[in-house]
1. Once phi is turned into ³J(HN,Hα) by the Karplus curve 6.51 cos²θ - 1.76 cosθ + 1.60 with θ = phi - 60°, what whole-Hz value does each residue of region 193-209 show in order, with x for glycine and proline?
2. Treat every Asp and Glu Cβ in the chain as -1 and every Lys and Arg Cβ as +1, leave all other atoms uncharged, and give the resulting dipole magnitude about the Cα centre to the nearest 20 debye.
3. Putting +1 on Lys and Arg Cβ atoms and -1 on Asp and Glu Cβ atoms, find which of PHE81, VAL100, PHE138 reaches farthest to the positive end of the dipole of region 68-159.
4. Would you please give the FRET efficiency between ALA162 and LEU186, computed as 1/(1 + (r/R0)^6) with r the Cβ-Cβ distance and R0 = 41 Å, to the nearest 0.05?
5. Points 7 angstrom from Cα along the Cβ direction at LYS19 and ASP59: gap in nanometres?
6. In whole angstrom, how far apart do the alpha carbon centroids of region 286-311 and region 1-48 sit?
7. How do ILE188, ILE220 line up, fewest other C-beta atoms within 10 Å first?
8. Take the alpha carbon atoms of region 246-274, find their center, do the same for region 77-150, and report the distance between the two centers in whole angstrom.
Amino acid sequence: MDAFYASVEQRDNPDLRGKPVIVAWKGNRSVVCAASYEARAFSVRSAMPAKRAERLCPDAIFIAPDFTRYRAVSGDVREIFKRHTDLIEPLSLDEAYLDVTTNKTGLPTATLVARTIRGQIRQELNLTASAGVAPNKFLAKLASDWRKPDGLFVIQPEEVDAFLLPLAVGRLPGVGKVTQEKLAHLGIKTIAELRNLERSELEDEFGRYGVRLYELARGIDENPVVPDRPTKSISVEDTFPEDVLLGETEAMIRRLAEKLWSASGKESRVPRTVVLKLKTKEFKILTRSYTPKVPPSTCEELTEIALKLRERVDLGPRQRYRLVGLGLGNFGGAEQRVEQPVLFE
């Protein structure tokens with residue numbers, strides 16, 4: 001979906017159309033959740049500090065995010081996908097992989113399926129989506145970004161090398177700043193140059209990821225589309241308006257526990273591990289986790305565990321914190337949720 005959250009806001013409020021819209025809470029600690037293309041013209045991007053976005057685009061209209069509404073619209077989009085295939089792998093509220101090798105509507109090509117889906121989204125939801133069509137997930141993801149917004153880009157099997165080889169290695173999934181620097185040290189800046197390295201050389205330099213690099217440089221990605229991938233973890237976090245002492249975090253922890261417990265109720269499986277996350281004013285991240293013999297069965301039990309985990313943080317009485325988060329992970333079967341034993345035996 002194109003600038004999804006901002007596009008939903010502009011769709012639902014005609015006064016916002018054609019104007020720079022930034023979906024974010026306004027404040028010193030807030031970050032941009034989404035920016036309309038009018039705001040992006042001022043170099044505003046997602047995950048950017050809201051204060052910086054405000055400096056770049058002083059006339060921007062800030063809208064507090066409404067994730068309940070965005071989830072509902074995301075569900076509407078997915079219902080359109082389901083008309084064509086059941087092989088849908090969501091990545092987020094606004095992005096998904098679809099395997100349309102065989103499709104329900106009998107359309108003869110994947111390109112025609114993508115064009116039809118985009119048309120249905122536009123007509124029924126008054127939103128735009130961009131699509132990439134390719135032989136595998138890796139290439140389809142690259143293609144989907146190629147003609148945004150409201151674009152469709154197709155990579156036919158015989159066109160893979162012509163598309164892929166000129167690209168910078170930074171376009172490969174998993175190649176971040178550190179890996180780019182390592183590759184640059186080897187004289188590798190493009191995928192064409194990466195392809196010149198032997199598999200053994202890449203494996204020696206990057207371990208198991210070297211094998212993945214070798215395959216990606218050749219357009220190989222055997223990962224299937226996996227519908228309804230099991231949840232590995234869920235988490236919530238919030239940033240304080242001002243840095244606080246550890247003892248002043250309790251109210252926030254209690255609010256986050258309520259929010260996290262509500263979110264966990266949507267899962268059919270039971271999370272067994274509770275994680276507390278803290279970020280210091282110096283941006284150092286600390287985590288503490290605990291896996292009780294029996295998972296928490298109430299919000300109160302979850303809160304109690306979180307507050308016990310806080311007691312295991314000891315950076316001194318003067319240390320201040322800018323953010324706190326709570327997470328649940330290590331999901332198992334629902335039969336594990338029974339009476340909670342004493343904490344931290």
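1. 5, 5, 5, 6, 7, 6, 4, 5, 4, 5, 5, 5, 7, 10, x, 4, 5
2. Dipole magnitude for the chain comes out near 620 debye.
3. After comparing all options, I get PHE81.
4. Working from the Cβ atoms, E equals 0.95.
5. 1.1 nm
6. If we compute the Cα centre of each part, the gap is 36 Å.
7. Arranged by neighbour count, lowest to highest, ILE188, ILE220 become ILE220, ILE188.
8. With region 246-274 and region 77-150 each reduced to a Cα centre, they are spaced 34 Å.
Read-outs: derived from the displayed coordinates by stated rules, not from any lab. From a predicted model like this one, the values you see are computed outputs, not experimental measurements. Here Cβ is always computed from backbone atoms with ideal geometry, including for glycine, and neighbour counts include all displayed protein chains.
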